1. Hey, what angle do you get for helix 171-183 against the long axis of the chain, alpha-carbon based, 0 to 90 degrees rounded to 10?
2. With point charges of +1 on the Cβ of Lys and Arg and -1 on the Cβ of Asp and Glu, referenced to the Cα centre of the chain, which listed residue (Leu163, Val187, Asn199) lies farthest in the positive direction of the dipole?
3. Tell me, what ³J(HN,Hα) does each residue in the range 279-284 have, in order and in whole Hz, if you take phi through Karplus 6.51 cos²θ - 1.76 cosθ + 1.60 with θ = phi - 60° and put x for Gly and Pro?
4. Sorted by accessible area with a 1.4 angstrom probe, largest first, how do His80, His267 fall?
5. Would you kindly find the accessible area of Cys242, with a 1.4 Å probe and non-protein molecules such as ligands, DNA and RNA excluded, rounding to the nearest 10 Å²?
6. At a 1.4 Å probe radius, which order do Ser31, Ser268, Ser202 fall into by accessible area, largest first?
7. For the chain, count all C-alpha to C-alpha pairs, find those more than 26 Å apart, and express that count as a whole percent of the total.
8. Give, in nm to one decimal, the length gained when the segment between Leu231 and Lys179 is fully stretched (0.36 nm per residue of separation minus the Cα-Cα distance).
Amino acid sequence: MTLLQKVIILANKLLSRRRDKEIYRKDFDTSAEEYDTAITRKMLGKFTEDILKELEYRRGMRCIDLGCGTGHATEIINSHVGSNGLVIGYDISESMLEIARERLKNSLSAKFFNKDMLLALREQEADSVDLITAFWALGYSEPNKVLREVSRVLVPGGQVAVLVNTQESLCELQKLVSKILIWHPFVLNYIPPINFPSNIRSFRLMVDKAGLKIKSLREESCEQSFDSGELLVSWMKTSGPCAGFRGALKENRRDFVFDKIREIVNHSGGIRLTFRFLYFVGTK
Ligand SMILES: C[S@@+](CC[C@H](N)C(=O)[O-])C[C@H]1O[C@@H](n2cnc3c(N)ncnc32)[C@H](O)[C@@H]1O
């Protein structure tokens, strides 16, 4: 367990607040405008494009994109299914969905709904969907329950593709933030659940328990450098990967925390962040 997680668990106990998705919803709403132009999108989006190339498509297939965001993957999948196919994107952030709807406004086969991914899956009939994807979104829900539902909903032989951060992702930032939170725990307001798998082994177990077969499962990583505290803080204020962190801070203490982060990063001459994540393609 990382230091940040220990601090978060302790703070959760202290604050004893009910957990829900509101923080993610609000934080992703603030990420929406700059989401597709951020450097992080280009970097991580490449892995989304790679994994989508590994899938098999046919005209008329029925697909679901969980946590579709601005519709990056939904658009690619949509290009394969033809006008008699269907791709449904589910997301909880209306601002992200607005961009997705605009992106695919001319498509008859793409539809978007503002709905939690687990609830959306529970509404689907068993053995009814050919492909389910969840890119950079599964960790904001309950991965084991989602995977079990994916297995129920997919047709026999249906495909699933997931890209999900592990708990070690951005550990450099976790360490830095932990240092600040240890000395200033009362800057925290409300801590949302973080359900990133701890490693490939625990994820494999979840996939097995869900009854899905593994076609590819591996760990991947990539790095993003920030030469100054200013650059890092400006990224943290709007970036998707920092969704949940912003909302976890008391509104009137956010500037204080960001000032501290800026100071520490400037003192060490910049910071390099490592995204660590799992790349999974499976079938039912
Ligand atoms: C990092 S973004 C990824 C978006 C998109 N899949 C992509 O690859 O660009 C995560 C998305 O998951 C959505 N999300 C978070 N929790 C969710 C939930 N419980 N149900 C559905 N969507 C959720 C967020 O609103 C956000 O748009």
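The values are calculated or read from the model by the stated rules, or taken from the named source; none is laboratory data. Computed from a predicted structure; not experimentally measured. Positions of Cβ are backbone-derived with ideal geometry, glycine not excepted, and every protein chain shown enters the neighbour counts. Accessible surface areas use protein heavy atoms only, side chains included; no ligands, DNA or RNA. Shrake-Rupley method; radii C 1.70, N 1.55, O 1.52, S 1.80 Å.
1. 40 degrees
2. Positive-end residue among those listed: Asn199.
3. Working through the residues one at a time gives 10, 10, 10, x, 9, 8 Hz.
4. His267, His80
5. 10 Å²
6. From most exposed to least exposed: Ser268, Ser202, Ser31.
7. On the way: 17072 of 40186 pairs.
Summing the P(r) of the chain above 26 Å gives 42 percent of all pairs.
8. On the way: separation 52, 0.36 × 52 = 18.72 nm, distance 1.97 nm.
Taking 0.36 nm per residue and subtracting the Cα distance, the gain is 16.8 nm.
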